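To keep things clear, I will list the structure first and then write my remarks on it.
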Amino acid sequence: MSQLFEDFKKYLHEVNVYDHVTTLLYWDMRTDTPKLGQQDHIDALTEFSTKSFKMSTSPKLGEMLDALSKPEEYNALDETYQFIVHRMKLDFDRNKRIPADFYEAYVREQAESGNAWEAAKNASDFSIFAPHLKKMVEMTKEMTGYTDPGIETYDALLNQFEEGMDSATIDRLFDDLKKELIPLVDKITAKPKPYVPALHSYADPDSQKKIQKLLLDYIGFNWDAGAVGETEHPFTLNFSSKDVRVTNHYYDTEPLFALFSSIHEGGHAIFEQNVNPAYDHTVAGSCRYMGIHESQSRFYENILGRNKNFWIPIYDQLKELLPQLKDVSLDEFYREINCVQNSMIRTDADEVTYCFHIILRYEMEKTIFRENVPVEDLPALWNQKMQEYLKITPQNDAEGILQDMHWSDGSFGYFPSYLLGSIYDGMYLEVLEKDLGSVDTLLADGKIGEITKWLNEKIHRYGSTRTPEEMIDAVCHKPVSAEPLIRYFKKKYTEVYDL
Ligand code: ZN
């Protein structure tokens with residue numbers, strides 16, 4: 001090993017220590033930090049992430065990356081480190097154009113805007129959040145001007161979350177979905193809606209936590225490399241494949257929320273826990289592509305978790321923890337968890353109308369960045385689109401435009417990833433069934449572990465080393481298409497609703 005390579009690894013380790021603390025501060029702010037303690041955390045978080053950012057853009061690192069990219073050094077590296085050096089050099093060249101003082105101001109505004117969003121949502125008052133949103137939009141434009149000069153802002157943002165994606169491709173995929181799903185939802189909603197009151201009645205939060213434990217165990221979450229916390233909005237966060245945290249929120253009378261959030265976040269976590277550990281603490285590890293990430297959480301939540309057979313091996317255990325299910329048959333439960341209806345809140349939406357929630361946000365974001373609509377006009381635009389796609393109008397901002405936190409930290413361009421994830425899932429499902437046989441049978445026989453193993457081998461272990469395009473090509477051998485997802489929806493809901 002050359003001295004240069006030794007120095008490089010040492011330097012990476014030092015950056016990681018700062019990132020580790022940043023991650024820990026973020027975790028603590030969202031889970032346990034009391035309100036009055038937030039500001040000190042923001043100060044420390046800003047300091048640590050600025051330090052890490054400076055180290056990731058320092059001339060010293062630039063020189064090391066240049067030297068390691070020369071053939072005599074590069075060819076001596078193993079495949080993993082060749083990837084790491086190549087990827088870091090790309091990131092370095094993008095990030096070094098961001099002025100450090102701008103970066104620091106951006107991180108601070110992210111944290112403050114996040115807190116303003118929370119206050120605005122609690123008060124159901126968009127005007128509290130509006131000035132921060134305006135600032136985040138402006139700062140995001142400035143940021144992409146540095147990172148992706150010459151590329152239109154919104155396309156640059158899409159590409160940041162899902163490399164290789166642009167709005168032309170997404171327009172095509174989402175248009176295909178709209179064409180087929182609007183009439184499908186019309187047909188479904190004309191049918192009687194299932195309603196099991198027991199599933200909308202009081203469920204002790206402790207029991208909900210036990211159900212979460214049962215479900216995480218069942219799908220293959222590794223407790224030696226994982227932990228659980230409680231937050232307003234569920235999320236997954238990881239330090240490495242050896243420490244992956246999920247959060248949940250337990251609503252007193254809506255136990256299905258925490259139940260499906262457990263499976264969703266569990267899907268993200270199983271992905272991260274099964275990335276090749278040799279990639280830990282490097283750019284090859286933790287999957288950076290949000291659509292690929294969402295494809296895994298949504299595969300567990302929807303393709304598996306909303307399949308009747310998923311519940312066959314554990315329904316009795318679920319009934320013990322949720323006594324109100326005593327007289328609810330598995331069939332009734334199954335119909336209830338696949339109840340399709342136009343509703344206000346994205347995270348409560350069924351898997352079909354969910355698509356419209358994303359299409360709405362995607363179109364809003366295009367408008368924000370391409371038509372420069374004043375932020376004050378956004379709530380009305382939101383409500384207008386809700387009426388267009390979901391045929392309902394929010395009563396207030398909390399159940400309208402303030403429901404999601406994404407725009408508060410500048411995650412514009414993230415929303416389409418959720419739906420891309422489902423589109424990939426349609427494609428994966430077809431290949432998985434070719435390889436392993438019917439998912440219905442595997443689940444009914446309690447062989448969910450075989451499905452997890454397949455996902456581990458085909459997808460999880462690669463971490464960030466394959467771009468979305470490369471991943472889809474390697475697993476499915478064809479370009480991305482919404483057709484398999486549309487087929488899945490039509491087949492499933494024709495049967496559930498007897499269309
Ligand atoms: Zn997710």
His233 passes all but one of (1) touching a helix residue (DSSP H, G or I) at 6+ places or on another chain (Cβ under 7 Å); (2) surrounded by 15 or more Cβ atoms within 10 Å (Cβ to Cβ); (3) of a type outside the set (Lys, Arg); which number fails? (1)
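Are there helices (runs of 4 or more DSSP H) fully within region 51-109 with at least 3 residues that are modelled with pLDDT of 95 or more and small (Gly, Ala, Ser)? List them. So that I can check it myself, show each step before the final result.
On the way: elements: 59-69, 71-74, 79-95.
The qualifying helices (runs of 4 or more DSSP H) are 59-69.
Residues checked against (1) more than 30 Å from Pro323 (Cα to Cα); (2) more than 14 Å from the ligand (Cβ to nearest atom); (3) within 13 Å of the chain's Cα centre (by Cα):
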site: Ser262; (1), (2), (3): no, no, no
site: Gln273; (1), (2), (3): yes, yes, no
site: Ala284; (1), (2), (3): yes, yes, no
site: Ser295; (1), (2), (3): yes, no, yes
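Here is a yes/no grid of residues against (1) out of contact with any Lys or Arg (no Cβ under 6 Å at 6 or more places or on another chain); (2) crowded, with 23+ Cβ neighbours inside 10 Å; (3) over 24 Å from Glu433 (Cβ atoms); (4) not β-branched (Val, Ile, Thr):
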site: Asp252; (1), (2), (3), (4): yes, no, yes, yes
site: Phe257; (1), (2), (3), (4): yes, no, yes, yes
site: His264; (1), (2), (3), (4): yes, yes, no, yes
site: Pro277; (1), (2), (3), (4): yes, no, yes, yes
site: Thr282; (1), (2), (3), (4): yes, no, yes, no
site: Arg288; (1), (2), (3), (4): yes, no, yes, yes
site: Phe299; (1), (2), (3), (4): yes, yes, no, yes
site: Tyr315; (1), (2), (3), (4): yes, no, no, yes
site: Asp331; (1), (2), (3), (4): yes, no, no, yes
So Gly446 fits all but one of (1) in a helix (DSSP H, G or I); (2) closer than 26 Å to Ile314 by Cα; what number is the exception? (1)
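Look at Asp404 and say whether it is more than 15 Å from the ligand (Cβ to nearest atom), farther than 15 Å from Tyr300 by Cα and either in contact with a Phe, Trp or Tyr (Cβ under 6 Å, 6 or more places away or on another chain) or among the acidic types (Asp, Glu) (or both). It would help to see each step written out before you state the result.
Working: more than 15 Å from the ligand (Cβ to nearest atom): no; farther than 15 Å from Tyr300 by Cα: yes; either in contact with a Phe, Trp or Tyr (Cβ under 6 Å, 6 or more places away or on another chain) or among the acidic types (Asp, Glu) (or both): yes.
Taking the combined requirement at face value, the residue does not satisfy it.
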Candidates Leu390, Leu360, Leu321, Leu378 - the one that is more than 22 Å from Phe489 (Cβ to Cβ), in contact with a Phe, Trp or Tyr (Cβ under 9 Å, 6 or more places away or on another chain) and in the same structural domain as Ala482 (by TED's automatic domain parsing): Leu378
Determine if region 301-308 includes at least one residue that is away from the ligand (no atom under 16 Å from the Cβ) and not small (Gly, Ala, Ser). yes
Report whether or not Glu162 is under 27 Å from Thr140 (Cβ atoms), at pLDDT below 95, crowded, with 18+ Cβ neighbours inside 10 Å and within 16 Å of the ligand (Cβ to nearest atom). yes
Pairs where the first residue, in region 286-299, is polar (S, T, N, Q) and the second is within 11 Å of the ligand (Cβ to nearest atom), C-beta under 7 Å, 6+ apart: Ser295/Gly421; Gln296/Gly267; Gln296/His268; Gln296/Phe271; Ser297/His264; Ser297/Glu265; Ser297/Gly267; Ser297/His268
Go through (1) in a helix (DSSP H, G or I); (2) within 22 Å of the chain's Cα centre (by Cα) one by one and return the number of the condition Tyr389 breaks. (2)
For region 392-425, name all the residues that are among the hydrophobic types (A, V, I, L, M, F, W, C) and part of a loop (DSSP other than H, G, I, E, B). Ile392, Ala398, Ile401, Leu402, Met405, Phe412
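The values are calculated or read from the model by the stated rules, or taken from the named source; none is laboratory data. Computed from a predicted model, the values in this text were never measured in an experiment. Cβ: placed from backbone, ideal geometry, glycine included. Neighbour counts: every protein chain shown.
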